[in-house]
Amino acid sequence: MDDLEKEAYADIESAENPEELKKLRIKYVGRKSDLTRNLRGLKDLTLEEKRTLAPKLQKIKRSIEELLDSKEREFSSIKEAAKADLTRPGIRHRTGHLHPLTIMERKVVDIFSSMNFSVVDGPEVETEHYNFDALNIPANHPAREMWDTFWLKPSATSEIIAKNLQISEGAKERPGERLLLRTHTSPMQVRYLETHTPPLQIIVPGRVFRYEATDASHEANFYQVEGLMVGKDVSLANFKYVIGEFLKKMFGSETEFRFRPSYFPFTEPSLEVDIRLVGGKSKSNANLKAIAESRKSDWLEVMGAGMVNQKVFEAAHYNPGEWRGFAFGVGLERLAMLKYKIPDIRLFYGDDLRFIDQF
Ligand code: PHE
């Protein structure tokens, strides 16, 4: 039987087609095969003999059958492959792409980097001090109403202070201070001034939060890019040049812009920047024109800005009057909405592939 097993293995291994295999199956484990006959003959033996021989024979039979089966699978998979239609069109793989806000952030970063601005990052959980007080917005000041705020629970506050040294540095000096989700990126003005020496020029892209009802132009969570340039004699004229370059690179060379007086506690004077596109031929200009028309106004507001209030320098422990700077804050969604003619801010966060896939 051992010889038979070896012989069967060799035959099966060298079988060349399914027909040959079928014959081998009959020969080695078929009804009239030696193996089957011997198994049948077991009943004539003594109990003792049965006990030793039966398992042996069954094992041989099983392993021959297994080999036959696996050889059979081999043949059938070769057959399947031969059937494959190589002219059939392939299955298209979906490749990922960037979210429109990421595209926008990268464009902004590229433009300001080309003007030598550094890109810095700040904490999304802020202290009341950096988000408000250091920016000349004291508690109970009506200006706080400009920023509807998500406050953190005091219990959460102490836990976060303990865990996150980065945001707690200031808080430790001011025990009992409340934490919040930053309502703008402006707190980074003070943080950066505290830890760096001018002259400096930075932008701070980041996520901000407002406790507001959501509608076509408001989200409780959105993105801003803060800008800050500080030096001995930085002026509003420098701001006009820098922001003009930015707007032209972003919206096309024919973009017009204007400054409109405004109010922010941390800038003096404060202004808002509006843009207008006249008779532009480029695609983005056509988009802007359509939005302007729908709003029945030529001018579209794009950002808040101004000369850094000396009180902000004081909050960062600078000598009063020693430095001058400009700052601005621009909403990324707003820029993207203008550039790509997007009518509703909620589309950015809606996960609707019909929208997302257009970018
Ligand atoms: N932080 C202001 C806002 O969110 C925008 C701003 C930034 C205004 C910098 C002036 C200077 O509304």
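The values are calculated or read from the model by the stated rules, or taken from the named source; none is laboratory data. As the structure is a prediction and not an experimental result, all values here were calculated from the model. No Cβ is skipped: glycine too gets one built from the backbone with ideal geometry, and neighbour counts run over all protein chains shown. Note: areas computed on protein heavy atoms with side chains; ligands, DNA, RNA excluded. Shrake-Rupley method; radii C 1.70, N 1.55, O 1.52, S 1.80 Å.
Is there a residue in segment 347-355 that is within 16 Å of the chain's Cα centre (by Cα), within 14 Å of the ligand (Cβ to nearest atom) and at pLDDT 90 or above?
No.
Taking segment 72-104, which residues are under 30 Å from Leu21 (Cα atoms) and open to solvent by 100 Å² or more (accessible area, probe 1.4 Å)?
Arg73, Ile78, Lys79, Glu80, Lys83, Leu86
Has segment 328-335 got any residue that is over 18 Å from Ala216 (Cα atoms) and of a type in the set (D, E, K, R)?
No, there is no match, as no residue in segment 328-335 is over 18 Å from Ala216 (Cα atoms) and of a type in the set (D, E, K, R).
Of all the helices (runs of 4 or more DSSP H) wholly in segment 300-359, which have at least 2 residues that are touching a strand residue (DSSP E or B) at 6+ places or on another chain (Cβ under 9 Å) and assigned by TED's automatic domain parsing to the domain that holds Gly244?
310-315, 332-340
Given (1) part of a loop (DSSP other than H, G, I, E, B); (2) in contact with a helix residue (DSSP H, G or I) (Cβ under 6 Å, 6 or more places away or on another chain); (3) within 16 Å of the ligand (Cβ to nearest atom), identify the lone condition not met by His184.
Condition not satisfied by His184: (2).
Answer with yes or no whether Met115 is within 24 Å of Gln189 (Cα to Cα), surrounded by fewer than 19 Cβ atoms within 10 Å (Cβ to Cβ), in the same structural domain as Leu179 (by TED's automatic domain parsing) and of a type in the set (A, V, I, L, M).
So Met115 passes the test.
Take the conditions more than 30 Å from Gly227 (Cβ to Cβ) and without any contact (Cβ under 8 Å) to a residue 12 or more places away in the chain and apply them to Lys83. Does it pass? Quick ask: steps written out before the conclusion?
Values: more than 30 Å from Gly227 (Cβ to Cβ): yes; without any contact (Cβ under 8 Å) to a residue 12 or more places away in the chain: yes.
It is true that Lys83 is more than 30 Å from Gly227 (Cβ to Cβ) and without any contact (Cβ under 8 Å) to a residue 12 or more places away in the chain.
Would you pick out the residues in segment 1-25 that are aliphatic (A, V, I, L, M) and either touching a helix residue (DSSP H, G or I) at 6+ places or on another chain (Cβ under 7 Å) or surrounded by 12 or more Cβ atoms within 10 Å (Cβ to Cβ) (or both)?
Answer for segment 1-25, where residues must be aliphatic (A, V, I, L, M) and either touching a helix residue (DSSP H, G or I) at 6+ places or on another chain (Cβ under 7 Å) or surrounded by 12 or more Cβ atoms within 10 Å (Cβ to Cβ) (or both): Met1, Leu4, Ala8, Ile12, Ala15, Leu21, Leu24.
Considering only residues that are in contact with a strand residue (DSSP E or B) (Cβ under 8 Å, 6 or more places away or on another chain) and open to solvent by 20 Å² or more (accessible area, probe 1.4 Å), look in segment 189-208 and name the one that is farthest from the ligand (Cβ to nearest atom). So that I can check it myself, show each step before the final result.
Residues of segment 189-208 in contact with a strand residue (DSSP E or B) (Cβ under 8 Å, 6 or more places away or on another chain): 189, 192-193, 198-208.
From what's left, open to solvent by 20 Å² or more (accessible area, probe 1.4 Å): 192, 199, 201, 207.
Numbers: Tyr192: 13, Pro199: 18, Gln201: 14, Arg207: 13 Å.
Step by step, filter segment 189-208, then rank; the result is Pro199.
Among residues belonging to segment 323-341 that are over 27 Å from Leu200 (Cα atoms) and open to solvent by 10 Å² or more (accessible area, probe 1.4 Å), point out the one that is nearest to the ligand (Cβ to nearest atom).
Restricting attention to segment 323-341, the residues satisfying the condition of being over 27 Å from Leu200 (Cα atoms) are 336-341.
From what's left, open to solvent by 10 Å² or more (accessible area, probe 1.4 Å): 337, 339-341.
Working: Met337: 17, Lys339: 19, Tyr340: 22, Lys341: 24 Å.
Of everything passing the filter in segment 323-341, Met337 is nearest to the ligand (Cβ to nearest atom).
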